[in-house]
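Asker: Take this structure first; my questions come after.
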Amino acid sequence: MDKLSSVLLIFTGGTISMSEDPSTGALRPVDFERLQDFMPELKDIGVKLKSIPFNPFIDSSDMNPDIWEKMALIIQDNYTEYDGFVILHGTDTMAYSASALSFMLENLGKPVVFTGSQLPMGMLRSDAKENMLTAIEIATAYENGQPIVPEVCIFFEDTLFRGNRTTKKNAEHFNAFNSYNYPPLAKAGVHIKYFRSYIHYNDPHLKLKVRTKTDRNVAILKLFPGITQQTVEAILHIPNLKAVVLESFGAGNAPRKKWLFDALKSANERGIIVVNRSQCSTGSVEMGRYETSLNLMQAGVLSAYDCTIEAIVTKLMYLLGEFSQPEQIKQKLTFSLTGEMTVS
Ligand code: ASP
């Protein structure tokens, strides 16, 4: 008889783990024991499952780098024992956690599939069951002894995305996520169709290396017409600030104001890394295409190319945690570490 596939479920919380408080109507986390009552199918799917529930479950708005570390270490400790890992997580910050883990789990050779739901598991029309069962199937999909998707990914509704390319786009419908700048890794219909040419395969001989150090001294500076010098200066003078994501317009453009140029140049000279990411969901920053981004280059601003905001924020936290020299970090920002961006 063939050996049963095995999956470790890491249950962090989110809507998938919630029920309605009868007195207030607000959603709140329920006990893990009660959740299993809602999914008796789990006992019959022919997969050896073990769950590690967080206690208490958390709404993913409370997610933080310490919990990313906890997830990464659980995977490290159980890596050889399971064929794949499914992380049940709130949708609100799932794309941040998936991005962070994609950097922390270097040389990953097994599937790590995040999923959650828009409606709690106990509700009749809930999307929890399909999402979870398909995520488990993807985590155990192997061919010739090799996993089909050895990546950190997000499965939601009917699509598997690369985790660090994904953004939450919808708070209402079941298709909560999208990957605007990278094609899906799989589509689930009657069959699950994998798009192998888009899946990244590390050398299977490399050993998993878990790097969990992070540094939170990162900020986002979102430009808008009329933004004042005081606002920009206040952000660039946050105590201990080490890196800023400048959210610019279109292909990476910013107002041609001398005070803005001076503020960014001075931040760069003080060792603060400034990375330019577009406010557009689709497309890439092209520094120097317009005059309005040429001056950013001259101020020492780097390009985030087509990174999601989730990927560039977590990449900066990870690089600042793992490396101490700004020049080394800047160099690592010029290429894709784990498929998070397309350098044009
Ligand atoms: N607030 C919830 C969370 O992110 C939303 C969800 O799970 O969809 O934990």
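Asker: Using a 1.4 angstrom probe with every protein chain in place, what is the largest-first accessible-area order of Glu340, Glu322?
Answerer: The most accessible residue leads, giving Glu322, Glu340.
Asker: Which residues among segment 121-160 fall inside the zone where the amide N is under 15 Å from a point 7 Å beyond the Cα of Glu41, along Cα→Cβ?
Answerer: Within reach of a label on Glu41: 121-139, 156-159.
Asker: Still on this model: Rounded to the nearest 0.05, what FRET efficiency do Thr228 and Lys70 give with R0 = 35 Å and r taken as the Cβ-Cβ distance? Could you check? Could you put the intermediate results ahead of the total?
Answerer: Values: r = 40 Å, r/R0 = 1.14.
The pair Thr228/Lys70 has a calculated efficiency of 0.30.
Asker: Skipping prolines and chain starts, which residues have an amide H placed within reach, meaning under 5 Å, of the one on Ser19, given they are 5 or more residues away or on another chain?
Answerer: Here Arg28, Val30 satisfy the definition.
Asker: Calculate the length of the line joining the C-alpha centroid of segment 218-297 to that of segment 74-102, in whole Å.
Answerer: First find each Cα centre; the distance between them is then 32 Å.
Asker: Next question. Note the full-extension length gain between Arg256 and Ser344 as 0.36 nm times their separation in residues minus their Cα-Cα distance, in nm to one decimal.
Answerer: On the way: separation 88, 0.36 × 88 = 31.68 nm, distance 2.41 nm.
Extra length from Arg256 to Ser344 when fully extended: 29.3 nm.
Asker: Also, quick follow-up: Helix-only mean residue ellipticity at 222 nm, the chain, DSSP H runs n ≥ 4 weighted -39,500 (n - 2.57), per residue, nearest 500. What is it? Let's see the in-between values first.
Answerer: Details: 9 runs with 93 residues, N = 344.
After summing the helix terms and dividing by the residues of the chain, the value is -8000 deg cm²/dmol.
Asker: Filter the DSSP H helices in the chain by two things, a Kyte-Doolittle mean of at least 1.0 and an axial alpha-carbon span of 18 angstrom or more, and list the hits by number. Show your work: numbers first, answer last.
Answerer: Details: long enough: 65-78 (20 Å, -0.21); 309-322 (20 Å, 1.07).
Taking the DSSP H segments of the chain (at least 18 Å long, mean hydropathy at least 1.0), we get 309-322.
Asker: Can you pull the accessible area of Asp83 for me, 1.4 Å probe, Å² to the nearest 10?
Answerer: In the full protein context, Asp83 sits at about 30 Å².
Asker: Let me ask something else about it. Give me the one-decimal Kirkwood hydrodynamic radius in Å for segment 204-326, with the sum taken over alpha-carbon pairs. Intermediate results must be reported in sequence, preceding the final value.
Answerer: Details: mean 1/r = 0.0670 Å⁻¹.
For segment 204-326, inverting the mean 1/r across all distinct Cα pairs yields 14.9 Å.
Asker: If you don't mind, there's one more thing I want to ask. Please state the shape class of the chain: rounded when a/c is under 1.5, otherwise prolate if a/b exceeds b/c and oblate if not, all from the C-alpha gyration tensor.
Answerer: Values: a/c = 2.06, a/b = 1.69, b/c = 1.22.
Here the chain falls in the prolate category.
Asker: Can you tell me the accessible area per residue over the chain, all protein chains present, probe 1.4 angstrom, in square angstrom? Working shown, then result.
Answerer: Working: 15880 Å² over 344 residues.
With all protein chains present, the chain gives 46 Å² per residue.
Asker: Whenever you get a sec, line up His205, His173 from highest to lowest accessible area (probe 1.4 Å, protein heavy atoms). Working shown, then result.
Answerer: Working: His205 165, His173 105 Å².
Highest to lowest solvent-accessible surface, that is His205, His173.
Asker: Considering the options Val313, Gly283, Met297, tell which one lies farthest towards the positive end of the dipole of segment 192-314, charges being +1 on Lys and Arg and -1 on Asp and Glu at the Cβ, about the Cα centre.
Answerer: Farthest towards the positive end: Val313.
Asker: Pop a pseudo-label 7 angstrom from the Cα along the beta-carbon direction at both Thr282 and Ser266 and give the gap in nm to one decimal.
Answerer: Distance between label points: 4.0 nm.
Asker: Still on this structure, please answer the following. Using the beta-carbon distance between Glu172 and Gln328 and R0 = 35 Å, what value does 1/(1 + (r/R0)^6) give for FRET efficiency, to the nearest 0.05? Write down the numbers at each step before the final one.
Answerer: Values: r = 43 Å, r/R0 = 1.23.
So, using R0 = 35 Å, E works out to roughly 0.25.
Asker: Would you mind telling me the share, in percent, of accessible area of segment 141-233 contributed by carbon and sulfur at probe 1.4 angstrom? Each step should come with its number before you reach the end.
Answerer: Values: 2580 of 5070 Å².
Its accessible area is 51 percent carbon and sulfur atoms.
Asker: Quick check for me: using +1 on Lys/Arg Cβ and -1 on Asp/Glu Cβ, what's the dipole size of segment 55-146 about its Cα centre, in debye to the nearest 20? Let's see the in-between values first.
Answerer: Details: 4 positive and 13 negative charges, 38 e Å.
For segment 55-146, the charge dipole is close to 180 debye.
Asker: Next up: Could you please put Arg162, Arg270, Arg211, Arg289 in sequence from largest to smallest accessible area, using a 1.4 Å probe? The partial results should precede the final answer.
Answerer: Details: Arg162 10, Arg270 105, Arg211 50, Arg289 135 Å².
Most to least solvent-accessible, the answer reads Arg289, Arg270, Arg211, Arg162.
Asker: Another question, if that's okay. Under 1.5 on a/c is rounded, so check that first for segment 152-200, then, if it is not, pick prolate when a/b is larger than b/c and oblate when it is not; a ≥ b ≥ c are the square roots of the alpha carbon gyration tensor eigenvalues. Spell out each step's value before the answer.
Answerer: Numbers: a/c = 2.46, a/b = 1.25, b/c = 1.97.
Note, shape of segment 152-200 comes out oblate.
Asker: Name the shape class, rounded, prolate or oblate, that the alpha-carbon gyration tensor gives for segment 1-140, where a ≥ b ≥ c are the square roots of its eigenvalues, rounded holds for a/c under 1.5, and otherwise prolate holds if a/b is larger than b/c and oblate otherwise. Present the calculation step by step, with values, prior to reporting the outcome.
Answerer: Numbers: a/c = 2.06, a/b = 1.23, b/c = 1.67.
Here segment 1-140 falls in the oblate category.
Asker: Treating the beta-carbon of each Lys and Arg as +1 and of each Asp and Glu as -1, no other charges, what is the dipole magnitude of the chain about its Cα centre, to the nearest 20 debye?
Answerer: In debye, rounded to 20, the chain gives about 1000.
Asker: Leaving out same-chain residues fewer than 8 places away, which lysines sit with a Cα under 23 Å from that of Lys70?
Answerer: The qualifying lysines are Lys48, Lys50, Lys110, Lys168, Lys207, Lys209, Lys213, Lys315.
Asker: Measuring from label point to label point, each 7 Å out along Cα→Cβ, what is the Ser61 to Ser23 span in nm?
Answerer: 2.1
Asker: If you average over every viewing direction, what projected area does the convex hull of the Cα atoms of segment 139-224 give, in nm²? Spell out each step's value before the answer.
Answerer: Working: hull surface 35.6 nm².
Average projection, Cα convex hull of segment 139-224: 8.9 nm².
Asker: Using alpha carbon centroids, what distance separates segment 193-208 and segment 129-174, in Å?
Answerer: Using only Cα atoms, the two centres lie 14 Å from each other.
Asker: Here is a further query. With only Lys, Arg, Asp and Glu charged, each at its Cβ (+1 for the first two, -1 for the last two), find how big the charge dipole of segment 188-343 is about the Cα centre; round to the nearest 20 debye. Intermediate results must be reported in sequence, preceding the final value.
Answerer: On the way: 19 positive and 13 negative charges, 53 e Å.
About 260 debye.
The values are calculated or read from the model by the stated rules, or taken from the named source; none is laboratory data. Since the model is a prediction, treat every value here as computed from it, not as a measurement. Counting neighbours? That spans all protein chains shown, and the Cβs are built from the backbone with ideal geometry, glycine included. Each accessible area value is taken on the protein alone, full model and side chains, heavy atoms only, with ligands, DNA and RNA left out. Shrake-Rupley method; radii C 1.70, N 1.55, O 1.52, S 1.80 Å.
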